[in-house]
1. Which of the residues that make up region B:76-119 are of a type in the set (D, E, K, R), touching an Asp or Glu at 6+ places or on another chain (Cβ under 8 Å) and under 24 Å from B:Leu152 (Cα atoms)?
2. Residues being closer than 22 Å to B:Leu86 by Cα and within 11 Å of chain B (Cβ to nearest Cβ): count how many of those fall in region A:59-97.
3. For residues that are touching a residue at least 40 places away in the same chain (Cβ under 8 Å) and either in contact with a helix residue (DSSP H, G or I) (Cβ under 8 Å, 6 or more places away or on another chain) or under 12 Å from B:Ile260 (Cα atoms) (or both), tally how many sit in region B:163-178.
4. Among all residue pairs at least 6 apart or on different chains, which show Cβ distances below 7 Å where the first residue, located in region B:282-311, is at positive phi and the second is of a type in the set (D, E, K, R)?
5. Can you name the residue in region B:78-89 that is facing chain A (nearest Cβ under 9 Å) and surrounded by 15 or more Cβ atoms within 10 Å (Cβ to Cβ) and, of all such residues, is nearest to B:Pro240 (Cα to Cα)?
6. Filter region B:13-49 for residues that are of a type in the set (Lys, Arg) and more than 16 Å from B:Asp71 (Cα to Cα); which is surrounded by the most Cβ atoms within 10 Å (Cβ to Cβ)?
7. Has region B:8-28 got at least one residue that is in a loop (DSSP other than H, G, I, E, B), closer than 20 Å to A:Val35 by Cα and at pLDDT 95 or above?
8. Do you know which residues across region B:92-110 are of a type in the set (Gly, Ala, Ser), surrounded by 20 or more Cβ atoms within 10 Å (Cβ to Cβ) and within 7 Å of another protein chain (Cβ to nearest Cβ)?
Amino acid sequence: MGILSRSEADQLASLTKGLTDVPFVWLRKPEIGLVMVRGRAGGTGAIFNLGEMTVTRCALQLEDGTIGHGYVQGRNKQHAGRAALVDALLQQQGGHHDGLLAMVIAPLKTREVERTGAQGRKAAATKVDFFTMVRGGDPE
Amino acid sequence: MSYVAVKGGERAILNSQKLVAENRRGNPKVSELSLDQISEQFGLAVDRVMVEGSIYDRLLGALALKQAQGDALEAIFLLRAFRTTLPRFGVSAPIDTGAMRVRRRISATFKDIPGGQVLGPTYDYVHRLLDFSLAAEVSVGSAEANAAEEALDPTMPRVIDILGQEGLIEEEREGGGEVFDLTREPMTFPAGRDQRLQNLARADEGFLLGLAYSTTRGYGGAHPFVGEIRLGEVLVEIEPEELGFPIAIAEITVTECQTINQFRGSAEKPPQFTRGYGLTFGHCERKAISMALIDRALRAPELGEDVRHPAQNEQFVLPHTDNVEANGLISHFKLPHYVDFQAELQLLRRLREEHEAAKDAGATQ
């Protein structure tokens, strides 16, 4: 679910293009709301409220009763709907589990790894190499 | 003096708003800004609006900036107003900045730190010279940054925790009880650390910067070292009721600053460094350092220091940090005060008459 939540809306849309005719009913139509993000003083101490972020959530049910939940960052209702649909299909008994993992989840994971890897390599290029200056000529 | 209702000006107001829209658009021959352009190319402006508007949503921040013609305070006000229209789904688990995927991490106190000094994207070491190649509007060469062969170690220990292992710095311990929420409860004094940190996180950057500056110029005696600044992405984890297990729903960018301050000891405890903490959404280093300095200054009573300066006084600092409130009161002075002023004017005229009369009476005696 985390991978679906953190996916980019465009990428999830293009990866799930083939899932348009899956029948389902909404248990909770996509709705936009806030989650209060918390931090800790000093990183380890007292908990405090840092600020809120937008989140869109929904829940749906497939014809066989399987329930899927979608939680995504931001305000894109279609994005949350797609995340919930994939979540439901992944849980369906004898369904498309392996196919979906390969078709949707794996490319999303790859994308996340590529993106973070590229950022990590660019950050690494800004690491400081300290060297010690040699002062004057050493007296023999 | 009875209150006199005044109506009118509706057409003037409507037309004024149309004029704002026209000014906002500017010359129609110049292409219009898209939210993506603002979010991508005015990223730091969006970061400021998000942290002070107290909503992490890049496109909302960009929209607010577009609507406000780039006026940060107006944009922050728009975001704060928008948040009141949304329900709250819940609260996250505290973000783990120790597990941050670091893009920048520096320490001003230790040269050799595990993971190294990583400059990341910074203006710290550039000359402040205008770059006229940016005025050309055609990219000269690629803006692509260099990449190393190996990516950084995805997580790096916090520098300050290294001092902590030796007991040289005070430990930050988990507090208990309810977490104060300024969006739901009025400010109360004495304020807990949770209330102060939330207040400072939403605070106006300029106000905090000025106050933080005052602490280093003899009005607070902070003697700070920046133990660490780190910028990067952290996971936001929530546990929805209907699921019963936590999911990492998002990755957000945050800046964290930990300062190391003058040491204290007591009869029971050996001397230790003390600390201040700053945390912001996005990349807002100036704000994070200022926040850490003010956090430390406000801890004066807790650390047995005299409260002698403005930055140490929470009843002075906390009610004045919020630029939406401050702007509201200061800006209201330009709205019609005709009746109030008439009353003052009448009073002044009467006082002057009395003054004249008294003077005349004195002269005739």
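1. B:Arg101, B:Arg103, B:Arg105
2. 11
3. The total comes to 5.
4. If the second residue must be of a type in the set (D, E, K, R), the pairs left are B:Gly282/B:Asp47.
5. B:Phe89
6. Step by step, filter region B:13-49, then rank; the result is B:Lys18.
7. no
8. Answer for region B:92-110, where residues must be of a type in the set (Gly, Ala, Ser), surrounded by 20 or more Cβ atoms within 10 Å (Cβ to Cβ) and within 7 Å of another protein chain (Cβ to nearest Cβ): just B:Ser92.
The values are calculated or read from the model by the stated rules, or taken from the named source; none is laboratory data. Everything quoted here is computed from the prediction, not taken from an experiment. Please note: Cβ atoms are built from the backbone with ideal geometry, for glycine as well, and neighbour counts cover all protein chains shown.
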